[in-house]
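**Student:** I am attaching a structure below and will ask some questions about it afterwards.
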Amino acid sequence: MTDVPLTHHTVETTLGAVSVSEAGQGPVLVMLHGGGPGASAVANYHQNLAQLTRHFRVVLPDQPGFGGSYRPTQEDLDARSITEITVDALLQTLDALGVDRFFLLGNSLGGAAALSLAMTAPQRVEKLVLMAPGGGWLPFGPAPTEGQKAMFRYYNGEGPTVRKMRDFIRVMTAEPKKWEDTVQARYEASLDASHIEFYHRYNAAFAKRHGMDPLWRDLHEVKCPTLLLWGRDDRTITLDGAQLMLHRIRDVQLHVFGNCGHWVQLERQSEFERHVTDFLGGLA
């Protein structure tokens, strides 16, 4: 999937095992993936590693429920939200890896975890990059959004199909024909039986909790410099909700990519890498 040599770890936490890949040297950049069908850290960010590992030690955890990490049970999801579970698991994982202070980047579901982690452990997060983050945003239009509906549909009914994956990518991106060659691989990655079982539990918990954690209420608690990256044509976590984050986060800036959907790191790869590298620069 990538020409960059990766080191793989399995970190045992009190919640379960967390799978981590990493590469590069320098200041630590923790990258949290989104929550689409079959998502994992390397799958979502592999195209960015050649550039980012020139500047950073990139740490790529699979969040609970995804990739090689453990699957939260129904009891886990009844007790805590997926964001709360993820933050707990990530802090334990970073402690085990000897990572104290770090840069943090997250997209969508991973953006919610990144935002919550920056509030929970502000002394550890140097700078924060958020790409259309869940929880910090309130839609001005109808909810659930088109992208959220596509995620709910994917595992329901007859279950995963290539057609459904093609439709999912159509909603996630502004120019889906560019990513036609990714359909089969993403479909195959979505077929893991334990992930499918988890996704049904996760969707039920999402509905029971009426969506993501309302992190927008506490945005003023984000103390570190923050960069928002958003696709103008995002149909999953829409650009209009960014206004709340701009208003409530003290040290914040926003870059909007035209003709771009929910997958900024893929759809605007070189620009994404340049903005992230320029913004992070080095430890303050």
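Bear in mind these aren't lab numbers, they're just calculated from the coordinates by the rules spelled out. These numbers come from a predicted model, not from an experiment. Backbone-built Cβ (ideal geometry, glycine too); neighbour counts: all protein chains shown.
**Student:** Checking the conditions here, which among 62, 3 is crowded, with 21+ Cβ neighbours inside 10 Å and of a type in the set (Asp, Glu)?
**Tutor:** Result: 62 is the single residue among 62, 3 that is crowded, with 21+ Cβ neighbours inside 10 Å and of a type in the set (Asp, Glu).
**Student:** Which of the residues that make up segment 20-34 are touching a helix residue (DSSP H, G or I) at 6+ places or on another chain (Cβ under 8 Å) and either surrounded by fewer than 23 Cβ atoms within 10 Å (Cβ to Cβ) or free of Cβ contacts under 8 Å to residues at least 12 places away in the same chain (or both)?
**Tutor:** 23, 24, 27
**Student:** Do you know which residues across segment 192-222 are closer than 18 Å to residue 120 by Cβ and in a helix (DSSP H, G or I)?
**Tutor:** Scanning segment 192-222 gives 215, 216, 217, 218, 219, 220, 221.
**Student:** Would you mind stating whether residue 240 is in a loop (DSSP other than H, G, I, E, B) and either farther than 19 Å from residue 27 by Cβ or touching a Gly at 6+ places or on another chain (Cβ under 9 Å) (or both)?
**Tutor:** No, not satisfied.
**Student:** Something else now. Do you know which residues across segment 118-134 are crowded, with 24+ Cβ neighbours inside 10 Å and farther than 13 Å from residue 226 by Cα?
**Tutor:** Of everything in segment 118-134, just one residue is crowded, with 24+ Cβ neighbours inside 10 Å and farther than 13 Å from residue 226 by Cα, namely 134.
**Student:** Which residues, counting only those in segment 231-251, are under 22 Å from residue 277 (Cα atoms), of a type outside the set (Lys, Arg) and surrounded by fewer than 19 Cβ atoms within 10 Å (Cβ to Cβ)?
**Tutor:** The answer is 246, 251.
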